[in-house]
1. Between region 50-98 and region 223-244, how far is it from one alpha carbon centroid to the other, in angstrom?
2. Computed on alpha carbon atoms, what radius of gyration and Dmax characterise region 174-296, expressed in Å?
3. Run through all the Cα pairs of region 56-122 and give the fraction in each 10 Å bin from 0, expressed as whole percent.
4. Out of F383, L109, F143, whose Cα points farthest toward the positive end of the dipole of region 10-468 (charges: +1 Lys, Arg; -1 Asp, Glu; placed on Cβ)?
5. What is the order of K393, K415, fewest Cβ neighbours within 10 Å to most?
6. Can you give the direction-averaged projected area of the convex hull of the alpha-carbon atoms in region 202-256, in nm²?
7. Which number comes out as Rg/Rh for region 124-184 once both Rg and the Kirkwood Rh are worked out on C-alpha atoms?
8. Please arrange C309, C340, C243 by how many other C-beta atoms lie within 10 Å of their C-beta, fewest to most.
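Each reported figure results from applying straightforward, stated rules to the coordinates on display, with no laboratory input. Model, not experiment: these values are computed from the prediction. Cβ coordinates were reconstructed from backbone atoms using ideal geometry, including for glycine residues, and neighbour counts include every protein chain displayed.
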Amino acid sequence: MNSATTLLLRSFPLFFFLIFSTPLPASPNKIPKLRTFLRDPANTISASVSEDYETFFYTQTLDHFNYRPESYATFQQKYVINFKYWGGANTSAPIFAYLGAEAPLSNDLGIIGFLSDTAPQFKALQVYIEHRYYGESVPFGTFEEALKNESIRGYFNSAQAITDYAEVLLYLKKNLSANYSPIIVVGGSYGGMLASWFRLKYPHIALGAVASSAPILYFDDITPQNGYYSIVTKDFKEASESCYETIRQSWSVIDEVASQLNGLSILSQRFKTCAKLNTSVELKNYLDSLYATAAQYNEPSTYPVTVVCGGIDGGGASQETDVLGRVFSGVVAYFGNRSCYDTNYFNDPSDETNVGFQWQICSEMVLPIGRGNNDTMFPAAPFNLSSFIEDCKNSYGVFPRPHWVTTYYGGHDIKLVLHRFASNIIFSNGLRDPYSSGGVLEDISDSVLAVSTVNGSHCLDILSAKQSDPQWLVPFVWSCGEEIRFDSEKGIENEVFVLRDREGISKSIGVSKEEKGGLEKEMTMRLVSQCEWKVGGTWALSAAFGD
């Protein structure tokens, strides 16, 4: 039996992370944008680390699916490699590939801990690939020019993107003579969806996929509309019942003040807005986004939900007692003391992530997120497909395809499809992440696994570990070589990965030892398993899951 090689996998609060524009999610710019994590100046690659990352550009095909002359146009797609820990092609050392999502790749380098923290143990090559139309991978000019050009933006979709990844990875394997190095694709949020879909579409390229905070079930009414907002509400209510009640009451108070003479001026003054409010909806959208973002990224050690509720419940500097005063204290607690507060903060029109994903939402990523009467702490705002379609037609001249994702990636009963056809995918979710309502939370099969953390938030599990991480965030250990299996017919030795926590073997974490008794279960990961067999006298090295 081989000696065990262990690596730490952080628990699951990743996904890719929602930025809301308004409580009327029938419009494309009012549907939560998927982000892997909030941009933080501290979460940037350091100068000491940057020298390990080499930037390259691949001459990528614009259109992978047509044979018209214009389809053969190309653009330069950015990818980054860290060779530091790679064991090399001769040892069939694995390749960990991070699939970029709706943001520049530079934002992700050095902080995707699933790659950087685990590469030394697995002697893995780290590869990061930028999503087309973001960052430096924009066809024909600037991002703004590409989005304005109807012909060019038509190639801006997930199917083209995952085929880009396939081309880059095949090129790398050939160029590095790494034909027998297994590839594991990793992504968070929208990128997590891409990782799972990549494994479904290109199983001969990726041995497996890790999809963190990937809401693949939030399409085509598979998930109830109010799932997202219900979890936001639950997060705040569990943090503080009085905070929850104040927020729930505040919406009608805002409308009541707004209806008064000079009411909008009063609200502008009370909330110190940088620009005078034109409608009460502007303020409500702003607060909606703040609460949703706080819940989605309720990470240790900042815990923004607790911070906001601390301000609302009287912990803020203003010590206000009326509803509006308490709500404003929550804003101050979240942002800090400022001369004024920008109500467009969560919907920056200059942010390419906001603008780019609005196009993706209008074309194919139709996420029917809404809420009914009295089922959350927010005012009712049901998703209305007809209104959504009209807004998309007015904004981009495009007719949304609300059924396309389920048609192209697996059907409406996606769990049944995953059970029949999928393998070697790990779906991880933090249950405090509002988007976990659209995630895979139960094992589909022996090789399509769901791992969740009770206290986890969006995409946190794939970010780099910190010394300040609580114990519930670092319970998972992958053991390579703990068990060797030999298939006498095929002559294949399989190294099997077993997912364990620190106190035993468990599928769920964030629960007490007593609660865990009924949850104990061995979870065979069979990830990056290297197999060797002899075929016709010629030795070949490959990678495989399975027994």
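1. First find each Cα centre; the distance between them is then 41 Å.
2. 22.5, 74
3. Whole-percent P(r) values from 0 Å outward: 17, 37, 28, 16, 2.
4. Highest projection toward the positive end goes to L109.
5. On the way: K393 13, K415 18.
Lowest count first: K393, K415.
6. Working: hull surface 26.0 nm².
So the Cα hull casts an average projection of 6.5 nm².
7. Working: Rg = 14.2 Å, Rh = 13.1 Å.
Ratio of gyration radius to Kirkwood radius: 1.08.
8. Working: C309 26, C340 11, C243 23.
Final ranking by Cβ density, sparse to dense: C340, C243, C309.
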